[in-house]
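Please read the structure below before turning to the comments.
Just so it is clear, none of the values below were taken in a lab; they were calculated from the coordinates. It should be emphasised that the depicted structure is a prediction, and the values quoted were computed from it without experimental measurement. Reconstructed Cβ throughout: ideal geometry from the backbone, glycine too, with neighbour counts over all protein chains shown.
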2 protein chains.
Amino acid sequence: MRDEFSFIKSITPTNRFQQQLTIGIGDDAAVYKTSAATEQVVCVDAMVEGIHFRRDTLSPFQIGRKALAINISDLAAMGANPMYYLVTIAVSESWSEHELQDIYAGMNELAELYKMDLIGGDTVSSKDQLVLSVTAIGNVREGHALKRSSAKPGDVLFVTGPIGKSAAGLELLQQKEKDNSFTDVERSCIRAHQEPEPQISSGTYLASLGKRIALNDVSDGLSSEAMELAEASNVQIVVDQEKLHPILPDLQDVDHSQKLHWLLNGGEDFQLIGTTSEETFAQLQKSGSITLFDIGFVRAGNASVIMKSANVETLLAKGGYNHFS
Amino acid sequence: MRDEFSFIKSITPTNRFQQQLTIGIGDDAAVYKTSAATEQVVCVDAMVEGIHFRRDTLSPFQIGRKALAINISDLAAMGANPMYYLVTIAVSESWSEHELQDIYAGMNELAELYKMDLIGGDTVSSKDQLVLSVTAIGNVREGHALKRSSAKPGDVLFVTGPIGKSAAGLELLQQKEKDNSFTDVERSCIRAHQEPEPQISSGTYLASLGKRIALNDVSDGLSSEAMELAEASNVQIVVDQEKLHPILPDLQDVDHSQKLHWLLNGGEDFQLIGTTSEETFAQLQKSGSITLFDIGFVRAGNASVIMKSANVETLLAKGGYNHFS
């Protein structure tokens, strides 16, 4: 790809969703108005070829879609409405212009769904791996952002949906040829890996209640995400193994222990994990507005995550876990 | 560098400048309030090792400082006040943890100067080159952002300071050994390359006036930056060669044509280039609040940039120039 100018034109959306956007792509910076009584919510997350994705398991369209999904998921975990995004792409000549356009088309699919405007970016050369860094901006009603630090002893631990499906899907893709025939459940896992759905409606609904709710998104495994809640809130989080069945990948030929491993240590499911009082949780279940799975509870103790099975308790994670990737 | 957790702690600033920041680094996203009657200004720019910088001409501190400076310069070109920034760094094992901390220290130096808070980021592995992508956020009084599209025939073309010094400095660094003795002027050029100063005070002052002013920053050469103004405003911009003397690099042993080349085709000076009516320009000169150099004028015509010398006019740039780097 030699012509940056025409490439940028080709990937710049022609329609605008956000009325408050004063200046979009094409000047030194984008400019937008804000609404009274809202706060701005901003995050950035990057995907690197060979580390966060491989070209044989994600199409260019899916790479782009996922890079934006990761960031929308972070907004969901704050209870924010997505509004804008900016993209840095560092790309080598091994990627064709058509493939790059597909990457932007993948982002655009989600952007249209969530009414997000692409308001800026930078396209740079790299010698080797593709690096895709996305900044996402949303807003939330003032004081309503859902922090990780709000968990309290006595809370219910909940998730919004299945965890481990994405890791299962990746494993299936790596084991079998792409064109192999997959069962419907296998396909569902592969789709969870390739085209994850951020949980914006659940996040914004939870934020709208104005209740004390701790919230995080499951971008890494449940174990480390629960640990983030535990550390931020300085509480002990207990995962009840007997309650995990409805959220484990529903693959018949796979061992329970393997499914549990995917759930605890997989990643990229982009469901939400949170805690709230038993009272609020009961109200949420009664309202039926969103699906929540009760998978454990919070108690006082050093920041840590415990797996409880019958009468056996196992320490899952305690302080200083690392993922440098 | 193996321990992402402690690394992030080591580069996370402990103080906060912006009172309106509700949630800083450490949750899924940052949250901040906005002021009534302001608009948000957002941009992103990346630097790639081997393309935008080399380790033998910029220290890690200078790499970080420059990556933020580029973005602050974009805010300056809109007339915005810098407030927040987010950083994605894709880094290979050839960089030590100490060097990475120096990169953040370099950003931090400018951040302290401009009272910017680091509110988010992502640290990812790469196999090869370092990629540093910075998102900067500022604000501007509603309706006061300075666009590239405001130039009109009859305007004065101005810049805020010397152009081409950075390219001259890079050339000096590449020609001579680093420890060679440089003259004061040479040192000043090298400093312009290694530690450029974004022109925030000039940008915010120009925006505060509420006058019609077209503005851009000189991140590439003057030729292409003037062309951006010409295209956005659909006017012809005439650079008067006889007025360029005060803004050319002041190196005695260098040919005039070489200096002119640096000015027109160099880059990374981060001065501002703009146009405004003769009346406003005269008022600006009279007020003495900021330094502006008159280097030409705007006239009706197809979007293009012309160099005028005595009675000879040369076309410098017309449409569709490219820089894919």
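When the Cα convex hull of the stretch B:148-317 is projected onto planes of every orientation, the mean area is 9.7 nm². In order along the stretch B:70-86, the phi-based Karplus estimate (6.51 cos²θ - 1.76 cosθ + 1.60, θ = phi - 60°) of 3J(HN,Hα) comes to 4, 6, 4, 5, 5, 5, 4, 5, 9, x, 8, 8, x, 9, 9, 8, 10 Hz; Gly and Pro are listed as x. Grouping the Cα pair distances of the stretch A:99-213 into 5 Å bins from zero gives a pair-distance distribution of 2, 8, 13, 14, 16, 17, 14, 10, 5, 2, 0 percent in increasing distance order. Rounded to whole numbers, the Karplus 3J(HN,Hα) couplings from phi for the stretch A:274-290 are x, 9, 7, 4, 4, 5, 5, 4, 4, 4, 4, 5, 5, 5, x, 5, 9 Hz, using 6.51 cos²θ - 1.76 cosθ + 1.60 with θ = phi - 60°, and x at Gly and Pro. Taking every DSSP bridge with both residues inside the stretch A:4-141, close to 70 percent are antiparallel. What does DSSP give for chain B in terms of the percent of beta bridges that are antiparallel, rounded to the nearest 5? DSSP beta bridges in chain B are roughly 75 percent antiparallel.
Look at the stretch A:67-73: the mean tally of other chain Cβ atoms within 10 Å of its residues' Cβ atoms is 1. DSSP bridge analysis restricted to the protein assembly as shown gives an antiparallel fraction near 75%, rounded to the nearest 5. When restricted to Cα atoms, chain B yields an Rg and a Dmax of 20.3, 64 Å, respectively. Note on chain B: dipole from Cβ charges, positive end direction compared against B:I290, B:I70, B:A30; the farthest Cα belongs to B:I290. Ranked for footprinting exposure by Cβ neighbours inside 10 Å, fewest first, B:H98, B:H193 give B:H98, B:H193. In a solvent-free Debye calculation with one equal scatterer on each Cα, what is log10 I(q)/I(0) for the protein assembly as shown at q = 0.08, 0.10, 0.11 Å⁻¹, listed in the order of the q values? Results for the protein assembly as shown at q = 0.08, 0.10, 0.11 Å⁻¹ read -0.61, -0.91, -1.07.
For B:K9, the label point sits 7 Å beyond Cα toward Cβ; its separations from the matching points on the remaining copies run 5.2 nm, from shortest to longest.
For A:R299, inter-copy separations between label points set 7 Å beyond Cα along the Cβ vector come to 8.5 nm, shortest first. The order of A:T204, A:T123, going from fewest to most other C-beta atoms within 10 Å of their C-beta, is A:T123, A:T204.
Here chain B is assigned +1 on the Cβ of each Lys and Arg and -1 on the Cβ of each Asp and Glu. Its dipole about the Cα centre then comes out at about 840 debye.
Residue-wise HN-Hα couplings along the stretch B:154-169, as the Karplus relation 6.51 cos²θ - 1.76 cosθ + 1.60 with θ = phi - 60° gives them from phi, are x, 5, 7, 8, 10, 10, 8, x, x, 10, x, 5, 5, 5, 4, x Hz; Gly and Pro carry x.
Summary for A:R187: label point 7 Å along Cα→Cβ; distances to the equivalent points in the other copies, ascending, 7.2 nm.
Close amide H contacts of B:V124 (hydrogens built in the peptide plane, cut-off under 5 Å, sequence separation of 5 or more or a different chain): B:I89, B:A90, B:V91. Rounded to the nearest 20, the size of the Cβ-charge dipole of the stretch A:195-289 about its Cα centre is 500 debye, with Lys and Arg at +1 and Asp and Glu at -1. Computed on the Cα atoms alone, the convex hull of the stretch B:4-141 gives a volume of 101 cubic angstrom per residue. Taking the stretch A:284-311 and a reference point 7 angstrom along Cα→Cβ of A:E242, the backbone N atoms nearer than 12 Å belong to A:308-311. Estimated purely from DSSP H runs of n ≥ 4, each contributing -39500 (n - 2.57), the mean residue ellipticity at 222 nm for chain B is -10500 deg cm²/dmol once divided by its residues. Histogrammed with a bin width of 10 Å, the alpha carbon distances of the stretch A:1-54 distribute as 16, 31, 36, 16, 1 percent, first bin at zero. Each residue in B:T88, B:T22, B:T275 was given a count of other beta-carbon atoms within 10 angstrom of its own, and listing them fewest first yields B:T22, B:T88, B:T275. The relative contact order of the stretch A:91-237, computed from alpha carbon pairs under 8 Å that lie at least 6 residues apart in sequence, is 30 percent.
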